[in-house]
Every structure is written in structure tokens, then in C-alpha cells.
1. Using the Cα centre as the reference, give the magnitude of the dipole from point charges on the C-beta atoms of segment 110-197 (Lys, Arg: +1; Asp, Glu: -1; all else neutral), rounded to the nearest 20 debye.
2. If you take the charge dipole of segment 46-197 about its Cα centre, with +1 on Lys and Arg Cβ and -1 on Asp and Glu Cβ, which of M136, G119, P79 is farthest toward its positive end?
3. As an exercise, identify the trypsin sites (Lys or Arg not before Pro) in segment 95-178 lying in DSSP coil whose Cβ has no more than 13 other Cβ atoms within 10 Å.
4. Hey, what's segment 98-197 come to in accessible area per residue, 1.4 Å probe, Å²?
5. For K182, give me every one of the lysines with a C-alpha distance below 24 angstrom, ignoring sequence neighbours fewer than eight places off in its own chain.
6. Could you estimate the translational diffusion coefficient of segment 44-197 from the Stokes-Einstein equation, with Rh from the Kirkwood formula over C-alpha pairs, at 37 °C and 0.692 mPa s, in whole µm²/s?
7. Post the alpha-carbon centroid distance, segment 148-197 to segment 58-124, in whole angstrom.
8. For V177, what residues show an amide H to amide H distance below 5 Å, using hydrogens built from the backbone and excluding near sequence neighbours?
Amino acid sequence: MTGILETPGVGHNQPDAEGAEKENQHWERWAKKRTFVRALEGTYSHLYKQLIDQPRVFSSKDVPWKGGPGHYGKSVISPQAVNITQSIESHIEAYAPGAAGQKHGHLNSAVFYVLKGHGHDVHDGRHIPWKAGDVMLVENACVHQHFNDSKDEEAILLVFKAKPLFLFMHLLFQKIVEWPPKIPPKGAENYKPPSEI
């Protein structure tokens, strides 16, 4: 994560130093207590039955959007949300026209499937364009940021990552380099993420 170790700043590893996590608590995932690993207790047959009985489909409509005003997200699959998996996480991100997310880095890689819209990412200073139907990879320990380049269409991204495994292995380092803007992009002052997702 080039350049972020030299000067400490805001981020997950200094929760009280700057007070920024409290200020940005509308983004629950940056300030919430997490379940890194759940206990698996019982006999093999008992645990097996529990896993077989778990639902296999989770509706994203049951999970509220968090964030704003130009960038929203919802975590659908994570160790704290479902009992069937502890190794992967999946969330959905929505960007208002012209919006950008936070500039940040983390040790785990991530896979983004672009459901709607077009934009670009900046990965360690490298400009990477994307559009609906593309699959984008964020490599391990990369400082990155997502941008919606459209002035009139939202961008929707589906994200998959093995973050719970990284956290379990104590690869906890995360860094917010810049928090997302608190002011919505011009023309998107009333943006709300889609209710059908």
C-alpha cells in the first residue's frame, strides 16, 4: 500500500485518533463490531444438519442501504449476517451519477462485477476504466477508489471477497485515505439507491 505507512492518518486501525469513524458512522461497516469467526460447536452430525438446514438464497431487498449521499452500500453475505459461510463476503455498492467512493486500501483482494453504469477506478495511481458487464479485480494491498463517470446514470457494483479469511489470519490492516464526499454530486442531490435491489 504505497505511501500510506509513512504518515499515519484516518482509518480502521486508528479508530479514536481522528474521530473520523464516529463522524462517518452512517457507513456502518467502518465502525461496527464484527464477527470474525463463529464457533462451530456440537457433533459432526449436529453441525452437518445445521448447515444443510441453512437457507441458500438471501434477498438483498431484506438488507437496508447504508451510507450516502452519493455512495451507498449493503452487505448481504458475511460471517455476521449468515450462518452458512465464514470465508466469503459479498456486498452491493450504488453510486449516484458523478459520485466517487472512499479512497482506501486493505490487505484482501476483491472482485467487482459491474451490474450497471460505467466509470473508472484508480489503483495505486493507475487509471482503470470499467462498464456494465465487466469484472474488475482489486489486488491485495492496493490503495484504490471507485468513480461513476456518468452524469445521469447510477453505477451498481456487486463485490465478492475472501476478507473474513484475511481477518481470521490477523491480516487486519485497513486504511481510509480519504472518506467519501459528504456533499452529493451536482445534479444528484436527491439520489437514492434502487429499491428493487
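The values are calculated or read from the model by the stated rules, or taken from the named source; none is laboratory data. These figures come from a predicted structure and were not determined experimentally. We place every Cβ from the backbone using ideal geometry, glycine too, and count neighbours over all the protein chains shown. Ligands, DNA and RNA are excluded from the accessible area calculation, which covers all protein heavy atoms including side chains. Shrake-Rupley method; radii C 1.70, N 1.55, O 1.52, S 1.80 Å.
1. Values: 10 positive and 11 negative charges, 45 e Å.
In total the dipole reaches around 220 debye.
2. In segment 46-197, that residue is P79.
3. K151
4. That works out to 51 Å² for each residue.
5. Within the straight-line cut-off, K182 pairs with K22, K32, K33, K66, K74, K103, K116, K151, K192.
6. 199
7. Distance between centres, Cα-based: 5 Å.
8. K103, H104, G105
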